[in-house]
1. At each listed q (0.14, 0.19, 0.24 Å⁻¹), what is the log10 of I(q)/I(0) that the Debye formula gives for region 62-167 modelled as equal alpha-carbon point scatterers?
2. When Ser79, Ser45, Ser113 are ordered from fewest to most other Cβ atoms inside 10 Å of their Cβ, what list results?
3. Return the Rg/Rh ratio of region 93-155 with Cα-based radii and a Kirkwood Rh.
4. Evaluate region 125-164: find the radius of gyration of its Cα atoms, find its Kirkwood radius, and give the ratio Rg to Rh.
5. Please work out how much length the chain gains when fully extended from Gln62 to Ala156, using 0.36 nm per residue of separation minus the C-alpha to C-alpha distance, in nm with one decimal.
6. Hey, fewest Cβ within 10 Å first, where do Tyr159, Tyr148 land in order?
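Bear in mind that the values in this text are calculations on the coordinates, not laboratory data. Bear in mind that the values here come from a model prediction, so they are computed numbers and not experimental data. Every residue, glycine as well, gets a Cβ built from its backbone with ideal geometry; the counts of neighbours run over all protein chains shown.
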Amino acid sequence: MSCSRRQFIKAGLAGSCLLSLAGWLNAAGARRLSDAEREMLAALSNTMLEGALPTDAEQRRQLVDLTVDGIATAVAGLSLAAQKEVGELFGLLVVAPGRRILAGVGKPWREASRAEISEFLQAWRSSRLNLLQSAYGALHDLIFGAWYARSDTWEAIGYPGPPQGVF
């Protein structure tokens, strides 16, 4: 598929505007996750943690909320530069044009099916573009890091916990 110089310039300008909007929506520095970011992270966590989460809807929701809280804690502990990058990624995924163009998810995150979200995640994971693979890796590491940071998840993977009495 080839594109004209005009199409290339238009796509570049649209991408620049989208990145500027994401940066404006997500100023760097320690901050709380917005409701839209929490909604997006809950939808992604609900999909990525499939198989580890209980089937009971209320228990599942509570554990996903705890995971999102853990992600917020992890992001707050990052350097300001890393927080800015994560904020830009989150910003792109929470605005409707970014969600549609970059993730291919047309519905708001709370309405998107696990199949749609899984397809988006797999596309980023196996993308030819290193940037998308890195973005997938960041989302994966934040979600699974927050999940396995909680001691109540360790038994499922046979982790006995950190060594006792070392210090």
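1. Summing over Cα pairs of region 62-167 leads to -0.67, -1.11, -1.42.
2. Numbers: Ser79 9, Ser45 26, Ser113 12.
Exposure proxy ranking, most exposed first: Ser79, Ser113, Ser45.
3. Values: Rg = 13.3 Å, Rh = 12.8 Å.
Reported Rg/Rh, Kirkwood definition of Rh: 1.04.
4. Working: Rg = 14.0 Å, Rh = 11.8 Å.
Ratio of gyration radius to Kirkwood radius: 1.19.
5. 32.1 nm
6. Working: Tyr159 11, Tyr148 16.
So the residues, fewest neighbours to most, are Tyr159, Tyr148.
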